[in-house]
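These notes concern the structure reproduced below.
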Amino acid sequence: MKSIREYLWFNTDERVEFINITRKVQEIIDENGIQEGLCLVNAMHITASVFINDAESGLISDFKEWLEELAPHEPTSQYLHNRGIEDNADAHLKRQIMGRGVTVAITEGELDFGPWEQIFYGEFDGRRKKRVMVKIIGE
Ligand code: ZN
């Protein structure tokens, strides 16, 4: 059995951005020749998420709008977390809703998804270097 740990790095142009990382995760599986196992993918920051959903552009916009309604960035003074130098309370809340990460089975060398499932990185306080961990246990 192999144990693999790799990182995907991001530095988004926008403060909030969603990136489909399915291909990058599959590449790590391919490069390491994993046929059967489990693949954990999680954000290493408390203002970003990894989640699974449909790669449909309308839905991605819907997520952004819905999250902004639930936890608006402005006015930043509405949050206790922003009393000091922080202005990212909304990003912490958005990350909590969208989750820290996902685990996907690997079957016959492929991520074993349900219909339309894709893995996304959700950035909520971007424009700086952040990373996602990919941990694979398998053979
Ligand atoms: Zn913060």
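No lab work stands behind these numbers, since they all come straight from the coordinates. Owing to the predicted nature of the structure, the values given are computational and were not obtained by experimental measurement. Counting neighbours? That spans all protein chains shown, and the Cβs are built from the backbone with ideal geometry, glycine included.
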**Answer residue from region 59-79, given it is surrounded by 11 or more Cβ atoms within 10 Å (Cβ to Cβ) and among the acidic types (D, E) and is nearest to D90 (Cα to Cα) among those** = E68
**Request:** Name every residue in region 118-137 that is assigned to a strand (DSSP E or B) and either within 12 Å of the chain's Cα centre (by Cα) or on the phi > 0 side of the Ramachandran plot (or both), in order of residue number.
**Result:** Q118, I119, F120, Y121, G122, E123, K130, R131, V132, M133, V134
**Cβ-Cβ under 7 Å pairs, at least 6 apart or on other chains, region 81-94 side assigned to a helix (DSSP H, G or I), far side among the charged types (D, E, K, R) and within 9 Å of the ligand (Cβ to nearest atom)** = A91/D125
**Asked** Do we have any residue at all in region 107-117 that's in contact (Cβ under 8 Å) with a residue 60 or more places away in the chain, not in a loop (DSSP other than H, G, I, E, B) and not acidic (D, E)?
**Response** yes
**Request:** Filter region 99-108 down to the residues that are more than 16 Å from the ligand (Cβ to nearest atom) and either among the polar types (S, T, N, Q) or surrounded by 14 or more Cβ atoms within 10 Å (Cβ to Cβ) (or both), then identify the one that is nearest to R15 (Cα to Cα).
**Result:** G99
**Request:** Report, by residue number, each residue of region 13-46 that is over 11 Å from F120 (Cβ atoms) and assigned to a loop (DSSP other than H, G, I, E, B).
**Result:** D13, E14, R15, V16, N32, G33, I34, Q35, E36, M44, H45, I46
**Prompt:** Can you find a residue in region 59-76 that is touching a residue at least 24 places away in the same chain (Cβ under 8 Å), assigned to a strand (DSSP E or B) and hydrophobic (A, V, I, L, M, F, W, C)?
**Reply:** no
**Within region 113-139, tally of residues that are farther than 18 Å from M1 by Cβ, more than 16 Å from the ligand (Cβ to nearest atom) and among the acidic types (D, E)** = 1
**Residue that is farthest from the chain's Cα centre (by Cα) [pool: residues in region 51-84 that are of a type in the set (D, E, K, R) and away from the ligand (no atom under 16 Å from the Cβ)]** = E69
**Asked** Hey, among S49, S3, which residue is in a strand (DSSP E or B), of a type in the set (G, A, S), crowded, with 18+ Cβ neighbours inside 10 Å and touching a residue at least 24 places away in the same chain (Cβ under 8 Å)?
**Response** S49
